[in-house]
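Working notes, beginning with the structure itself.
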Amino acid sequence: MAFGKALAIEFPMLSDWEGTTAEAYGVRYDIWKGHRGLAKRSLFVLKADATIIYSWSTDDALQLPDMDALMSALSSV
């Protein structure tokens, strides 16, 4: 929620507490630093019809996404 507020995002975002969405999108660690089922750092932008128009993920939790690419994808929705 803090991420959305910081960027003044006015659309729904997903918080995947159970990890089911991360599993479905192929971005779930089996084990990461002793924890099971955590999501990798990832972003997906979907159109209203659920078509993915932008995706990004990394195994490096310290790596940040290309915000320009993300913002460009968001502006195209």
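How much net charge surrounds Pro65 when only the other residues with a Cβ under 15 Å from the Cβ of Pro65 are counted, with Lys and Arg +1 and Asp and Glu -1?
Working: positive: Lys40, Arg41; negative: Asp59, Asp60, Asp66, Asp68.
So the surrounding residues net to -2.
Per-residue ellipticity at 222 nm from helix content only, as computed over the chain with -39500 (n - 2.57) for each DSSP H run of at least four residues, stands at -6000 deg cm²/dmol.
Every read-out reported here was derived from the displayed coordinates using simple, explicitly stated rules and does not represent laboratory data. Because the structure is a prediction, the values reported are computed rather than measured. Neighbour counts run over all protein chains shown; Cβ positions are idealised from the backbone, glycine included.
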